[in-house]
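The values are calculated or read from the model by the stated rules, or taken from the named source; none is laboratory data. Since this is a predicted model, take the numbers as computed values, not measurements. Cβ atoms come from the backbone with ideal geometry, glycine included; neighbour counts cover every protein chain shown.
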Amino acid sequence: MTNRKIEYWVIPPEADGEFTANMEEVLETYAQPYDPACPVLCMDEQPVQLLKETRTPLPATKEHARRVDYEYERAGTANLFMFNEPLAGWREVAVRQTKTKLDWAVEMARLLDGRYAHCEKVILVCDNLNTHTKGAFYEAFAPERARQLVRRLEFRHTPKHGSWLNIAENELSSLTRQCVVGRRFGDIETLRTETAAWSSDVNATQRGVDWQMKLDDARIKLISVYPKIKL
């Protein structure tokens, strides 16, 4: 019997009104011109396994690349929060021990109080994960504080099975390939240092994201996801 490879892919549903509505809302958001008073911020996240070396790696020489022993020690996990402002060409990685509602709310509050302190509104593109909610702020902060933060956010949720619509997912993929894959991070501090260096380098060299998929394109190329009108 011949073994065949399986390619895993995000397959969009067919004739799904909810998918279509959320997709069009996100695409319409991406089509808006840059407004520093009301920026579009995308976010995504992923876990990282922390691995400690059990033997000191051998430094690189003229004859050999840096050599690392096969053996390692598991040191728990960390979570990467990717924040990306596509039209400004800016991204930042926050590294935390866990990925709870509190972690997400604290990181969002940090951005709203810092980079976006002058903005009355921030449009947030994210998935429907149950930790990315308005209620998370109320679990992390007093009601008055939580309401102040929630009032300044406008959510644009990507549809289920439509994570490819989140530009932060693309940024997270780049980070993984360029900074994380093939490396061992034994502690969160090292992971923070390396991901911060990656962000600084990319922010200094890469311009804003040019998102190609437009609303009219989706209505032609993704016609199968649009419901058939029943009236």
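Some points to look at:
- Total residues in segment 92-132, condition polar (S, T, N, Q) and either at positive phi or out of contact with any helix residue (DSSP H, G or I) (no Cβ under 7 Å at 6 or more places or on another chain) (or both): 4
- Selection within segment 16-62: residues that are outside any loop (DSSP other than H, G, I, E, B) and of a type in the set (Val, Ile, Thr). The member of this set that is farthest from MET108 (Cα to Cα) is THR20.
- Subset tally (residues that are at positive phi and either of a type in the set (D, E, K, R) or touching a Leu at 6+ places or on another chain (Cβ under 8 Å) (or both)) for segment 76-91: 1
- Flag not set for GLY208, criterion: touching a residue at least 12 places away in the same chain (Cβ under 8 Å), in contact with an Asp or Glu (Cβ under 7 Å, 6 or more places away or on another chain) and part of a loop (DSSP other than H, G, I, E, B).
- Some residue of segment 170-182 being surrounded by fewer than 15 Cβ atoms within 10 Å (Cβ to Cβ), part of a loop (DSSP other than H, G, I, E, B) and not β-branched (Val, Ile, Thr): yes
- Single residue of segment 87-119 satisfying the filter (part of a loop (DSSP other than H, G, I, E, B) and hydrophobic (A, V, I, L, M, F, W, C)) that is surrounded by the most Cβ atoms within 10 Å (Cβ to Cβ): CYS119
- Considering only residues in segment 120-149 that are within 25 Å of TYR34 (Cβ to Cβ) and crowded, with 17+ Cβ neighbours inside 10 Å, the one that is farthest from the chain's Cα centre (by Cα) turns out to be LEU149.
- For segment 216-226, the criterion of a residue being farther than 27 Å from PRO47 by Cα, touching a Ser or Thr at 6+ places or on another chain (Cβ under 8 Å), modelled with pLDDT under 95 and surrounded by 13 or more Cβ atoms within 10 Å (Cβ to Cβ) is satisfied by at least one position.
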